[in-house]
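Report on the following structure.
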There are 2 protein chains.
Amino acid sequence: MIVEPAASTHSGIRPFVRALGPVIGLDLGGTKLAAVVLDDAGRVLRRSWTEHQANGYEAVLDTITTAVGDCERVVGRAVAVGVAVAGLLDRDRSRVTAALNLGFADRPLRDDLAGRLGRPVTLENDANAAALAEHLLGAGAGARSLVLLTLGTGIGGGIVVDGELVRGGRGAAAELGHLPIRPGGDPCGCGGAGCLEVYVSGTALSRLAGGTRTSRHVVAAADRGDRTAVRLLADAGRCLGDGIAMLIPTLDPDVVVLGGGLAHAAAPHLLPPLRERLNATRPFPAQTPGPDVRLSTCGPESGALGAAHLAGAMRFRIPA
Amino acid sequence: MIVEPAASTHSGIRPFVRALGPVIGLDLGGTKLAAVVLDDAGRVLRRSWTEHQANGYEAVLDTITTAVGDCERVVGRAVAVGVAVAGLLDRDRSRVTAALNLGFADRPLRDDLAGRLGRPVTLENDANAAALAEHLLGAGAGARSLVLLTLGTGIGGGIVVDGELVRGGRGAAAELGHLPIRPGGDPCGCGGAGCLEVYVSGTALSRLAGGTRTSRHVVAAADRGDRTAVRLLADAGRCLGDGIAMLIPTLDPDVVVLGGGLAHAAAPHLLPPLRERLNATRPFPAQTPGPDVRLSTCGPESGALGAAHLAGAMRFRIPA
């Protein structure tokens, strides 16, 4: 196997090594599948999005296999496949322990897919993969300590430190929607209370707006100057600021990236109160100025991009 | 230069490479200096503790130079020196940005020492170095995600993820004494409010006990069954539990190590309420069981041990 160092696209200490041949990255959400194909220099050969109705493990395996075939009809055989999943993974990234929106739990997705596809498969959590993409290619390029928060139905999180994803002792690090920003506060679906995503997410905004409007309606109303909607989004921005402030003593991030449709749509309403709160609660002089808070730049295929880079790196990485 | 892989003493992905020759590790606190010398297999050849009155930069340089000479009179010339400092370091670990208890700030300690000693010097924050030692040799052996909290006059913190210290975008990660466990709570010396060390530290216990007793007196009173003292320490244990709970969504640690004289002395009073609180507030099913909370096992020379390992590794490490 011939390997060669990748051109440095980021400041990480351990540069990735590129695969000699295309790699496919897929991001399987609850209803959408994003796919990208990268050549061995990391250039995007193809990107696509499709809706899917896969529910249950066999349907998920079929959907992924079909998506790989669709890519390969256009670009030829890929040497490795990376899959980002809306779900929780084990420590070794071989099993999906829970994927509520895909209707299965505790299955060896990595090895089952590798068997079907006849080549190496790399799994990662979707927000983690997106964080890696933003670090390598996007809003977090050059950051030594990067945090991604994706605002959607819930909140996803990803952390990249010194070029590496932080995965945790049980594989469940960076579940930043469950930062306890209001101890003893409103109950969360996780069984805890006062979690960040109880106050800042599509679901939260809809609930806080009375339950009859979606978060999209709330943002549209705020754009028209509706004072209740503006206040709801400002409150959400302050909650985000509190959550980010909680991360500073631990990670001292240089960059916090906000991703997801809600973050981009509501940015003019969210960001000023977020930054104001963050400036007011910055906890430690050595960590000033606090992290730069930016919108994501890798777009809706960020998870697929990160998965593709992981697949290429995992396949051909020189052991340290 | 001949290098060879170190025998694996830990589960980290990137094993350290050992220096061929002794390395010295020093831990310079406000009033005490710990020193260890390791041979090229990581065995401790010598350990010592001395009091010092170094205050100001020149006095610190002299104290360290003298300590190196004292070690070398016994064990011969060391190939590298690691220094753990009670202070804040820059991102590259070359400058000490603030060392309040040593009476200086913003000085290029690494390169000044290397010039004086004529060999490579590695700097690290004292609690970070201790966290690395606990990971390599102590209570955190085998942990993928380890957090150290040292309870002393204040609270120090260190984080090791996948065998590497988390240093942060500005070099100020793991300042865990400043986790905001009580937003809007009692003021902290850092300028913030409600920080963990406002409620759990030698200084905090003395203050909460009315200001006339030291934390040592409080622990002794609790050992005798004094109900006020027992309650003070139980409250401190619950605050520690709240602080550790705040780290779970972010780091998903498998092991949390408590170090420092106060943690060991007060463990029977602190640990049961700490664990009870942690069990009650565990925020996310995928992260259960929560981290195992253990007392440190590397002893008072943990910072010096970690500094020595960093010095050996930094000097001879094979680039990844």
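What average number of partner chain Cβ atoms lie no more than 10 Å from the Cβ of the residues making up A:174-183?
For peptide A:174-183, the averaged partner shielding equals 5.
Just how far, in whole angstrom, is the range A:18-79 from the range B:131-177 if you go by their alpha carbon centroids?
39
Summed for both chains, how many Å² of accessible area, to the nearest 100, are buried between B and A with a 1.4 Å probe?
3700
Taking the label point as lying 7 angstrom from Cα along the Cα-to-Cβ axis, what are the distances from residue B:41 to the corresponding position in the remaining copies, in ascending order and in nanometres?
Output for residue B:41: 5.2 nm, nearest copy listed first.
At 1.4 Å probe size, put A:57, A:199 in order of accessible surface, largest to smallest.
Numbers: A:57 15, A:199 35 Å².
Sorted descending by solvent-accessible area, the residues read A:199, A:57.
List the distances, in nm to one decimal, from the label point of residue B:268 to the label points of the same position in every other copy, shortest first, placing each label point 7 Å from Cα along the Cα-to-Cβ direction.
Listed shortest first, these distances are 6.5 nm.
Taking the Cα-to-Cβ direction at residue A:193 and at residue A:92 and moving 7 Å from each Cα, how far apart do the two end points lie in nm?
That separation, rounded to one decimal, is 3.9 nm.
Would you mind telling me the antiparallel percentage of the DSSP bridges in chain A, rounded to 5?
Numbers: 30 of 50 bridges.
Roughly 60 percent of the beta bridges in chain A run antiparallel, per DSSP.
Shape call for the protein assembly as shown from the C-alpha gyration tensor, a ≥ b ≥ c root eigenvalues: rounded (a/c under 1.5), prolate (a/b greater than b/c) or oblate? Mind dumping the intermediate values first?
Values: a/c = 1.97, a/b = 1.32, b/c = 1.49.
It is oblate, given that a/c is not under 1.5 and a/b is not larger than b/c.
Helix B:261-281 versus the longest principal axis of chain B: what is the Cα-based angle in degrees, 0 to 90, to the nearest 10?
So the inclination is approximately 60 degrees.
Take the Cβ-Cβ distance between residue A:65 and residue B:141 as r, set R0 to 56 Å, and report the resulting FRET efficiency rounded to the nearest 0.05.
On the way: r = 42 Å, r/R0 = 0.74.
Efficiency, from the Cβ-Cβ distance: 0.85.
Considering amide H positions built from the backbone, and no H for Pro or chain starts, which residues 5 or more places from residue A:29, or on another chain, come under 5 Å of its amide H?
Here A:34 satisfy the definition.
Once you have a ≥ b ≥ c as the square roots of the Cα gyration tensor eigenvalues for the range A:135-240, tell me rounded if a/c is under 1.5, and otherwise prolate or oblate according to whether a/b is larger than b/c.
Numbers: a/c = 2.73, a/b = 1.53, b/c = 1.78.
Oblate, because a/c is 1.5 or more while a/b does not exceed b/c.
Around residue A:228, with a cut-off of 12 angstrom between Cβ atoms, what is the net charge of the other residues, counting Lys and Arg +1 and Asp and Glu -1?
Within the 12 Å Cβ shell, the charges total +2.
Where the only charges are on Cβ atoms (+1 Lys, Arg; -1 Asp, Glu), what is the dipole of chain A about its Cα centre, to the nearest 20 debye?
Magnitude of the dipole: close to 240 debye.
If you build a Gaussian network model of chain B, linking Cα atoms that sit under 10 Å apart, which residue out of B:187, B:22, B:108 swings the most?
B:187
Given the -39500 (n - 2.57) contribution per DSSP H run of 4+ residues, what per-residue ellipticity at 222 nm results for chain B, rounded to the nearest 500 deg cm²/dmol?
Values: 9 runs with 121 residues, N = 320.
Helix-only estimate at 222 nm: -12000 deg cm²/dmol.
Measure nothing but the geometry: give the 0 to 90° angle between the long axis through the Cα atoms of B:302-316 and the longest principal axis through the Cα atoms of chain B, rounded to 10°.
That helix lies at roughly 40 degrees to the long axis.
Across the range A:64-71, in residue order, what do the Karplus-derived ³J(HN,Hα) couplings come to in whole Hz, using 6.51 cos²θ - 1.76 cosθ + 1.60 with θ = phi - 60° and x for Gly and Pro?
Values per residue, Gly and Pro as x: 5, 4, 4, 5, 4, x, 4, 5 Hz.
Compute the long axis of helix B:126-137 from its Cα atoms, compare it with the longest principal axis of the Cα atoms of chain B, and write down the angle in degrees, 0 to 90, nearest 10.
80
If you take the charge dipole of the protein assembly as shown about its Cα centre, with +1 on Lys and Arg Cβ and -1 on Asp and Glu Cβ, which of B:269, B:57, A:118 is farthest toward its positive end?
Positive-end residue among those listed: B:269.
I need the shape label for chain A. Rule: rounded when a/c is under 1.5, else prolate if a/b > b/c, else oblate, with a, b, c from the alpha carbon gyration tensor. Could the numbers behind the result be given before it?
Details: a/c = 1.88, a/b = 1.46, b/c = 1.29.
The shape class here is prolate.
Mean-square fluctuation check for chain B, GNM, Cα pairs under 10 Å: which of B:26, B:270, B:148 is largest?
Taking springs between Cα atoms under 10 Å, the residue moving most is B:270.
For chain A, modelled as a GNM with alpha-carbon contacts under 10 angstrom, which of A:23, A:256, A:79 fluctuates the most?
Residue with maximal mean-square fluctuation among A:23, A:256, A:79: A:79.
The values are calculated or read from the model by the stated rules, or taken from the named source; none is laboratory data. These figures come from a predicted structure and were not determined experimentally. Positions of Cβ are backbone-derived with ideal geometry, glycine not excepted, and every protein chain shown enters the neighbour counts. Areas reflect the complete protein model, heavy atoms only, side chains present, ligands, DNA and RNA absent. Shrake-Rupley method; radii C 1.70, N 1.55, O 1.52, S 1.80 Å.
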